[in-house]
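Below is one structure; the comments refer to it alone.
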Amino acid sequence: EAQVTQNPRYLITVTGKKLTVTCSQNMNHEYMSWYRQDPGLGLRQIYYSMNVEVTDKGDVPEGYKVSRKEKRNFPLILESPSPNQTSLYFCASSGLGLGEKLFFGSGTQLSVL
Amino acid sequence: AQSVTQLDSQVPVFEEAPVELRCNYSSSVSVYLFWYVQYPNQGLQLLLKYLSGSTLVKGINGFEAEFNKSQTSFHLRKPSVHISDTAEYFCAVSPTGTASKLTFGTGTRLQVTL
């Protein structure tokens, strides 16, 4: 089954404690992206990657890091989380064809205390 | 840069009634347009998209949308909604035809009741 898998589903942490949210896709997609979803703000792009070792900033990259060492994986790293990073995070992937749809993971609800 | 406006944050409707969810966009270049749906506790999934050709686009679950270039709109419609259509709906635009610059609207919560 084609899918994007994110882990964990829920995460509660404290300010300053480094964390990683994993994302993996099994569709051999070149493109992967991270979004955060906040009430009243919709989805905002954090980082995206067009292929292995190719990453770029989205609209809200501050406080986040990513890496793309393998095509299937695109982890999101928060080296020093702060309460304003409490949010619902989604990973997504797609091919690079014109107008290709995004496949989304089920989301990670992060709370930073 | 492009932007998307979904003026209605919530739309309540009775089952079997018609519904229209509004989406307007702004862009200095030609765009591709999308509607995604998010059911409770799930990720987003594509409802329909407009790339070119006929301005009336049909999607899954009986939804359709019409691209209006002069009014820069892409409103989503369904003639008769069901309880299971209760979800959040997001309009999105992309200027390049790829997903890299996809910009989402703030979403419209469709609440269907008996």
Taking the stretch A:94-113 and keeping only residues that are aliphatic (A, V, I, L, M) and out of contact with any Asp or Glu (no Cβ under 7 Å at 6 or more places or on another chain), one is left with A:Leu98, A:Leu102, A:Leu110, A:Val112, A:Leu113
Among the residues that make up the stretch B:34-49, is at least one of them more than 30 Å from A:Leu110 (Cα to Cα), of a type in the set (A, V, I, L, M) and out of contact with any helix residue (DSSP H, G or I) (no Cβ under 8 Å at 6 or more places or on another chain)? no
Which residue pairs have Cβ atoms under 6 Å apart, sit 6 or more places apart or on different chains, and have a first residue in the stretch A:95-108 that is more than 13 Å from B:Gln42 (Cβ to Cβ) and more than 7 Å from every other protein chain (Cβ to nearest Cβ) and a second that is surrounded by fewer than 21 Cβ atoms within 10 Å (Cβ to Cβ) and of a type in the set (Asp, Glu)? none
Counting just the residues of the stretch A:36-57 that are more than 9 Å from chain B (Cβ to nearest Cβ) and touching a strand residue (DSSP E or B) at 6+ places or on another chain (Cβ under 9 Å), which one comes out nearest to B:Gly43 (Cα to Cα)? A:Arg36
Within the stretch B:5-56, how many residues are within 14 Å of B:Arg109 (Cα to Cα), surrounded by 13 or more Cβ atoms within 10 Å (Cβ to Cβ) and of a type in the set (Gly, Ala, Ser)? 0
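The numbers here are math on the coordinates, done by the rules we state, and not lab data. Computed from a predicted model, the values in this text were never measured in an experiment. Neighbour counts run over all protein chains shown; Cβ positions are idealised from the backbone, glycine included.
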